[in-house]
Amino acid sequence: MRPQQDQTIRAARRVEGTIRLPGDKSISHRYAMLGAIAEGVTEIQGFASSADCASTLTCLHALGVSVARAGDRVQIEGKGLFGLHKPGAPLDAGNSGSTLRMLSGILAGQRFSSVIGGDESLSRRPMKRIIDPLVLMGAHIDSAPGGLPPLAIHGDRLHPIRYQPPVASAQVKTAVLFAGLHADGETEVCEPVPTRNHSEIALAQMGAHLTRSNGRLSVDGPARLSGVRVHVPGDMSSAAFFIAAALLVPNSRLVIEGVGLNPTRTALLGVLRAMGGSIQTAILRVESGETVGDLVVSGSDLKGGEIPPESIPGLIDELPVLAVLGTQTRRGLSFRGAAELRVKESDRLAAVAANLRGLGADVEEFPDGLRVSGGQRLRGAAIESYGDHRIAMAFAVAGLVAEGGVTVRGSNCVAISFPEFFTTLAAVRRD
Ligand code: S3P
């Protein structure tokens, strides 16, 4: 394990400039995995620099897939639907829940057994949500007690199912759809609440027969996917930290270019605009089915308010930084219906509450949400990242407005999604 590092972020006078962010993590994972079971070559430009996406490539390589990477260009030689090789050792998904959950859908349909696990944090994350549907489809899966990783997946001939996931999760939806590619017939997922739809877009781009109507998605198997050339837009969930930074620090003006603006990922923008946030969007193009545009964000006086539960799945990864931002709003900010945050890379509700209190803020923690008072002066302090990239970045943003700045302990975990985070932040802050 790398030694833990600390970073101190001091209060800034302004946030200003023009930035581009690394490619979207969710989209990168999906094209890499689907490229591996497609026929022909998949070329991904703008592949995420995140350590999680590197974990996906490592797993694919261990499954016999030829993966070539040069910076943000990745080329995958597809092996066809049943062409992966039995790995010689357990697959290591690192810290990446997306790798473990989505790849399990593919492993369930292969004609070999494999073991997939990850680091200490991933080993605490619930997998029953994917085990249940994959077992219903005919796979045999052993897990650690409580449905925890590592998973031993004994792939088999799969049969299609109709499935309604008990939690709103794009990863669960994707695992079932990816398994459905290997099944004989039509696999259907009925989503209780819509979640990010990058899998559906990628599947359609690669030639899968996919139908969507009224929250029901179905895919026909066995599917023949074709390799594609794609360009991955900037990651909206990484942009969130810079959007928050520019809104919070008075007199800021930040341009973020080439961001993915898929409507299933932009709930944050709607919530912030409703609070009075100045965020302008210029849609540039739709590329490989994904909407891409530029954002212009200016320092704003935010009202705050309550985030409705139905918006939660659309901004689940943005909630830690929204809570930080809430402290600087006039009325404060609250949300419920987000119990999922307790089973992310850390217990994000507990982590945000503890760190906000550490900065002297008033915060109330519920089993499924938080209420943060508005108009608060944050006092500088050292906070814990809990090894969670989104906690580290959310509290680095808090440092921009805290008296005396914030020291983020264990700041190197930002590499999980955004290795360039601190250098990008340094480039736009003005003292
Ligand atoms: C993701 C879905 C979300 C999100 C995660 C990435 C994806 O997880 O929190 O960072 O790429 O599908 P859940 O599906 O568990 O909500």
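The values are calculated or read from the model by the stated rules, or taken from the named source; none is laboratory data. From a predicted model like this one, the values you see are computed outputs, not experimental measurements. We place every Cβ from the backbone using ideal geometry, glycine too, and count neighbours over all the protein chains shown. Side chains are part of the model used for accessible areas, which takes the heavy atoms of the whole protein and leaves out ligands, DNA and RNA. Shrake-Rupley method; radii C 1.70, N 1.55, O 1.52, S 1.80 Å.
The residue pairs whose first member lies in region 181-194 and is under 11 Å from residue 137 (Cα atoms), whose second member is part of a loop (DSSP other than H, G, I, E, B) and open to solvent by 70 Å² or more (accessible area, probe 1.4 Å), and whose beta carbons are closer than 8 Å, counting only pairs six or more residues apart or on different chains, are 182/82; 182/222; 183/159; 183/222; 184/157; 184/159; 184/222. Screening residue 317 against (1) open to solvent by less than 10 Å² (accessible area, probe 1.4 Å); (2) within 16 Å of the ligand (Cβ to nearest atom) leaves a single unmet condition, (1). Of all residues in region 30-49, none that is on the phi > 0 side of the Ramachandran plot has its Cβ atom under 9 Å from the Cβ atom of a residue that is modelled with pLDDT under 95 and open to solvent by less than 10 Å² (accessible area, probe 1.4 Å), 6 or more apart or on another chain.
Residue-by-condition table, conditions (1) more than 15 Å from the ligand (Cβ to nearest atom); (2) open to solvent by 10 Å² or more (accessible area, probe 1.4 Å); (3) assigned by TED's automatic domain parsing to the domain that holds residue 139:
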{"position": "172", "(1), (2), (3)": "no, no, yes"}
{"position": "176", "(1), (2), (3)": "no, no, yes"}
{"position": "180", "(1), (2), (3)": "yes, no, yes"}
{"position": "183", "(1), (2), (3)": "yes, no, yes"}
{"position": "187", "(1), (2), (3)": "yes, no, yes"}
{"position": "190", "(1), (2), (3)": "yes, yes, yes"}
{"position": "196", "(1), (2), (3)": "no, yes, yes"}
{"position": "199", "(1), (2), (3)": "no, no, yes"}
{"position": "202", "(1), (2), (3)": "no, no, yes"}
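Considering only region 376-389, I want to know if a residue exists there that is among the polar types (S, T, N, Q) and open to solvent by 40 Å² or more (accessible area, probe 1.4 Å). Checked region 376-389: no residue is among the polar types (S, T, N, Q) and open to solvent by 40 Å² or more (accessible area, probe 1.4 Å).
Among residues that are within 14 Å of the ligand (Cβ to nearest atom) and either surrounded by fewer than 16 Cβ atoms within 10 Å (Cβ to Cβ) or hydroxyl-bearing (Ser, Thr, Tyr) (or both), residue 104 is included. Of everything listed in (1) away from the ligand (no atom under 16 Å from the Cβ); (2) open to solvent by less than 10 Å² (accessible area, probe 1.4 Å); (3) of a type in the set (D, E, K, R), the single unmet condition for residue 224 is (2).
Being touching a strand residue (DSSP E or B) at 6+ places or on another chain (Cβ under 9 Å) and without any contact (Cβ under 8 Å) to a residue 40 or more places away in the chain is true of residue 368. If you go through region 152-170 and keep only what is of a type in the set (A, V, I, L, M, F, W, C) and away from the ligand (no atom under 16 Å from the Cβ), you end up with 152, 153, 158, 161.
What about residue 97, is it within 16 Å of the ligand (Cβ to nearest atom) and open to solvent by less than 10 Å² (accessible area, probe 1.4 Å)? Yes, satisfied. If the condition is being assigned to a strand (DSSP E or B), touching a strand residue (DSSP E or B) at 6+ places or on another chain (Cβ under 7 Å) and not polar (S, T, N, Q), then region 139-155 contributes 140, 141, 142, 144, 149, 150, 151, 152, 153, 154.
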